[in-house]
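Sending over a structure as structure tokens; questions will come in a sec.
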Amino acid sequence: MNILILGGGGREHALAWAVMQNPKCDKLIVAPGNAGIAQIAECAVLDVEDGGVVVEFAGENAIELVIVGPEAPLAAGVADALRDAGIPVFGPSKEAARLEVSKSFTKEICKAANAPTAGYGHFTDAASAKAYVARQGAPIVVKADGLAAGKGVIIATTVAEAEEAIDDMFGGAFGGAGAEVVIEEFMTGEEASFFVLVDGTDILPIGTAQDHKRVGEGDTGPNTGGMGAYSPAPVLTDEIAQKALDEIIRPTMAEMARRGTPYSGVLYAGLMIENGVPRLVEYNARFGDPECQVLMMRLGAQALDLIHACAEGRLAGAQVTWADDHAMTVVLATQGYPGDYAKGSVIGGLNGLTEDSFTQMFHAGTAEVDGKVVATGGRVLNATARGATLAEAAQRAYALVDEVDWPEGFCRRDIGWRAL
Ligand code: AMP
Ligand code: GLY
């Protein structure tokens with residue numbers, strides 16, 4: 001099979017690595033890819049948010065399956081263009097991706113499906129949003145309705161803070177994403193992520209994970225895209241996972257199908273769990289990054305069979321073979337991230353890393369310049385490992401971190417502390 005993956009971060013490197021483990025993959029192209037991906041697959045430059053361009057490229061390269069990594073191409077309707085052209089694609093339609101793209105849409109679907117989530121109000125002007133906050137009190141959560149690169153959520157501890165967030169959002173701080181605002185009840189509990197494949201009809205759970213959003217040890221400091229993750233998530237017991245499937249995921253997927261916009265692809269459910277009860281925080285229409293890295297490490301080659309079955313609507317006959325293992329990924333980021341940071345520092349020690357089916361260094365933001373690997377982003381490398389226990393996975397992941405020679409980088413040393 002000839003496969004095209006869209007994206008160029010750690011998530012896509014992990015997907016590419018898993019796909020390449022499977023002998024059914026004859027040829028893999030990743031667009032745009034990165035320096036790590038270039039070591040295992042062909043990289044191509046094309047506009048991955050233009051459906052016409054992707055369809056044409058897939059045709060020219062006899063691509064038989066397209067795997068969409070990030071949300072932007074989904075929001076732009078790239079999966080629709082591929083489906084219309086008869087090319088199997090892993091990723092939801094533009095309409096179904098609204099579950100990630102619009103927070104008010106997700107709340108509306110939850111309401112229709114009677115799925116447990118935070119109480120909320122949806123506003124298009126500041127005055128009525130503030131009146132709602134005055135009635136509800138603080139703490140309260142103010143969210144830009146649209147995609148805001150993970151920055152459009154303000155947890156306000158006081159009414160004044162909430163009012164300020166409302167003014168910022170309607171004032172254009174998040175561009176078009178903030179033209180509508182969702183205000184939510186603040187939920188307490190422990191967060192975990194649940195990943196399922198959906199092919200429009202059938203649903204197949206493929207793993208759980210927890211990530212660390214804060215930049216600093218002990219989960220302190222500003223939010224990031226994620227500084228590390230581990231799988232499975234101990235808080236998502238089989239019983240709670242079943243509850244999340246029965247009460248949240250199945251009813252919302254049924255509601256999407258009922259509306260004539262069935263969901264197809266991976267669905268990432270962010271859950272808040274308290275006293276054994278899961279509630280939905282958010283849906284994403286793609287794998288988490290870096291959660292994907294730990295899921296791929298655990299699934300290995302079968303990930304391709306599952307993704308292919310999902311893209312072709314064959315999930316009813318698919319099955320996950322679980323290993324009784326744990327995986328961890330530690331993000332190496334450029335000093336300064338998530339604030340300002342310099343680009344272009346050279347990363348040493350990457351040649352001859354200890355890599356095997358238990359340990360892999362996935363590249364997130366790298367490029368090759370004059371034969372050297374340089375950092376091109378905030379999150380740069382993902383030291384990823386699995387083991388019989390989480391402690392063993394952690395020991396392997398940090399041993400891999402220590403093989404890297406990169407003074408301009410840093411990582412958190414406490415990934416998984418809650419579970420360990
Ligand atoms: P979201 O982009 O909706 O996932 O929000 C980002 C993060 O904000 C989540 O992962 C939670 O940690 C937090 N969050 C969002 N909504 C709520 C809520 N209603 N109550 C408590 N925390 C929330
Ligand atoms: N790690 C969180 C996300 O991918 O949204």
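Values in this text are rule-based calculations from the coordinates and carry no lab data. Since we're looking at a predicted model, the values are computed, not measured. Every residue, glycine among them, receives a Cβ derived from its backbone with ideal geometry; neighbour counts consider all protein chains shown.
7 Å from Cα along Cα→Cβ at both GLU42 and LYS343: what's the point-to-point distance in nm?
Once both label points are built, they end up 2.7 nm from each other.
If you average the alpha carbon positions of region 9-84 and of region 330-369, how far apart do those two centres end up, in angstrom?
Rounded to whole Å, the Cα centres lie 22 Å apart.
Hey, what do the phi angles of region 222-232 turn into as Karplus ³J(HN,Hα) couplings, whole Hz, using 6.51/-1.76/1.60 and θ = phi - 60°, x for Gly and Pro?
Result, ordered by residue: x, 6, 10, x, x, 9, x, 7, 9, 9, x Hz.
Just the Kirkwood number for region 293-363, please: inverse of mean 1/r across all distinct Cα pairs, in Å, one decimal.
15.4 Å
Moving on to the next point. Reachable lysines from LYS103, Cα under 24 Å, same-chain residues fewer than 8 places away excluded?
Filter leaves LYS94, LYS111, LYS130, LYS143, LYS151, LYS213, LYS243.
How much net charge surrounds ALA393 when only other residues with a Cβ under 11 Å from its Cβ are counted (Lys, Arg +1; Asp, Glu -1)?
So the environment of ALA393 carries a net charge of +1.
Please work out how much length the chain gains when fully extended from GLU60 to GLN335, using 0.36 nm per residue of separation minus the C-alpha to C-alpha distance, in nm with one decimal.
Values: separation 275, 0.36 × 275 = 99.00 nm, distance 4.13 nm.
So the extension gain works out to 94.9 nm.
Right, another one. I'd like the Karplus ³J(HN,Hα) series for region 277-285: coefficients 6.51, -1.76, 1.60, θ = phi - 60°, whole numbers in Hz, and an x wherever there's a Gly or Pro.
10, x, 10, 7, 8, 6, 10, 10, 9
So what are the radius of gyration and Dmax for the Cα set of region 344-399, in Å?
My reading of the Cα-based Rg and Dmax gives 12.7, 40 Å.
If the only charges are +1 at each Lys and Arg Cβ and -1 at each Asp and Glu Cβ, what is the size of the charge dipole of region 69-208 around the Cα centre, to the nearest 20 debye?
140 debye
If you take the beta carbon distance between THR389 and GLN242 as r and set R0 to 25 Å, what does 1/(1 + (r/R0)^6) give as a FRET efficiency, to the nearest 0.05?
0.55
If you don't mind, there's one more thing I want to ask. Report the calculated FRET efficiency for ALA112 and VAL277 (r = Cβ-Cβ distance, R0 = 25 Å), to the nearest 0.05.
After rounding, the FRET efficiency stands at 0.75.
Distance from a point 7 Å along Cα→Cβ of LYS372 to each backbone N in region 320-357: keep the residues under 16 Å and list them by number.
The answer is 342-351, whose backbone nitrogens lie closer than 16 Å to the label point.
Could you compute how fast region 323-420 diffuses translationally, taking Rh as the Kirkwood radius over C-alpha pairs and applying Stokes-Einstein at 37 °C with viscosity 0.692 mPa s? Give it in µm² per second.
Here the translational diffusion coefficient equals 239 µm²/s.
I would also like to ask the following. Restricting things to alpha carbons, find the Rg to Rh ratio for region 1-155 using the Kirkwood radius for Rh.
On the way: Rg = 19.5 Å, Rh = 17.7 Å.
Rounded to two decimals, Rg over Rh is 1.10.
May I pose another question? Kindly give Rg over Rh for region 221-302, based on alpha-carbon atoms, with the Kirkwood expression for the hydrodynamic radius.
0.99
Over the alpha carbons of region 106-188, what is the largest minus smallest coordinate on each principal axis, giving the biggest first in Å?
Dimensions of region 106-188 along the principal axes of its Cα atoms: 33, 26, 22 Å.
Can you compute the equivalent ellipsoid semi-axes for region 259-320, i.e. the square root of 5 times each eigenvalue of the Cα gyration tensor, sorted largest first and rounded to whole Å?
Whole-Å semi-axes of the equivalent ellipsoid: 23, 17, 12.
Against the 2.2 N^0.38 Å scaling, with N counting residues, where does region 248-368 land? I'd like the Cα-based Rg ratio to two decimal places.
Details: Rg = 18.6 Å, N = 121, 2.2 N^0.38 = 13.6 Å.
In units of the globular-protein estimate, region 248-368 measures up at 1.37.
Here's another thing I want to ask about it. Express the Stokes-Einstein translational diffusion coefficient of region 369-409 in µm² s⁻¹, to the nearest whole number, given a Kirkwood radius over alpha-carbon pairs, 37 °C and a viscosity of 0.692 mPa s.
Estimated diffusion coefficient is 278 µm²/s.
What FRET efficiency comes out for the pair THR188/GLN319, r = Cβ-Cβ distance, R0 = 35 Å, nearest 0.05?
Step by step, r from the Cβ atoms, then E = 0.45.
Now for a separate question. For region 136-286, list log₁₀ I(q)/I(0) at each q in 0.21 Å⁻¹, using the Debye formula over Cα point scatterers of equal strength and ignoring solvent, two decimals each.
-1.38
Per-residue ellipticity at 222 nm for the chain, helices alone: DSSP H runs ≥ 4 residues times -39500 (n - 2.57), over residue total, nearest 500 deg cm²/dmol?
The helix-only estimate for the chain comes to -8000 deg cm²/dmol at 222 nm.
Note down the magnitude of the dipole of the chain about its Cα centre, charges +1 on Lys and Arg C-beta and -1 on Asp and Glu C-beta and zero elsewhere, to the nearest 20 debye.
460 debye
Obtain the radius of gyration and the Kirkwood radius of region 14-103 from its C-alpha atoms and give Rg over Rh.
Value, to two decimals: 0.97.
Binned at 10 Å from 0, what are the whole-percent values of the Cα-Cα distance distribution for the chain, short to long?
Computed distribution, short to long bins: 5, 22, 33, 28, 11, 1, 0.
Can I ask one more? For region 65-135, state the average projected area of the convex hull of the C-alpha atoms over all orientations, rounded to one decimal in nm².
6.4 nm²
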